[in-house]
1. If I take R0 = 22 Å and measure r between the Cβ atoms of Lys4 and Leu46 in this structure, what FRET efficiency does the formula 1/(1 + (r/R0)^6) give, to the nearest 0.05?
2. For a footprinting-style exposure proxy, rank Thr39, Thr157 by other Cβ within 10 Å, fewest first.
3. Suppose the chain between Glu122 and Thr79 were pulled fully straight at 0.36 nm per residue; how much longer would it get relative to their current alpha carbon spacing?
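Computed from the coordinates by the stated procedures, all read-outs in this text should not be read as laboratory data. Keep in mind it's a predicted model, so treat the numbers as computed, not measured. Counting neighbours? That spans all protein chains shown, and the Cβs are built from the backbone with ideal geometry, glycine included.
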Amino acid sequence: MSKKVVKNFLKKIDLVSPPIYLFYRGLPSHSSWLSGILTIIGLALLLFFCGFQLKYLFNRESEIPISTSFTYFIEDAGTLSLNSSSLFHFISLEDFNDKGNEEFHFPYFNIIGLQDSFAKYEKDNNIYNYDHWLYGFCNSESDIKGVEDIATQKFLTKSACIRKYYNSETKSYHDTNAPEFKWPSLSHGIFHQENKLYTIVIKSCEQYI
């Protein structure tokens, strides 16, 4: 293949040179073989980075996925239950020195979820005036039903998940498998007048049950 043929091919795939209003030798831009080489390098780099990002998407068992978020305004964002079928969550402690996850020590502190703002709870500091949820060690079977692939992370059983729900009207606790149990939720969005928050409080241990 002659150099002239190669240069003509590189000119045809040139995406770098700016367009012109008058055709130059039948071409819509002052294309050059050098610009064609730059185009090939740019496309190769683009494919490389796309493949690099896709690796995290398809290999998330052994890698921590890198994600990009896009935020835009919705007047009513609807309701999301904080369970495995809608928005699964758990809480873990990490030791940055050892780069590992620590096990929660529930005899020393409690993790409490409130369907209200922390400022409102802080005024009377009486947990029994509010519906709330108590956290305990995650159950690798029931807590992650439907998202079992997350269970491959070894620290899950050392982490905290919702274990009990307290009904402030009946003054009673209910386990996650009880008919009276209900999950907390995030509702409507922060700009909606019927917005429902979910606050997580970690405090020194008190016997609630």
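1. Values: r = 28 Å, r/R0 = 1.29.
That gives a FRET efficiency of 0.20.
2. Lowest to highest Cβ neighbour count: Thr157, Thr39.
3. On the way: separation 43, 0.36 × 43 = 15.48 nm, distance 2.55 nm.
Between Glu122 and Thr79, full extension yields an extra 12.9 nm.
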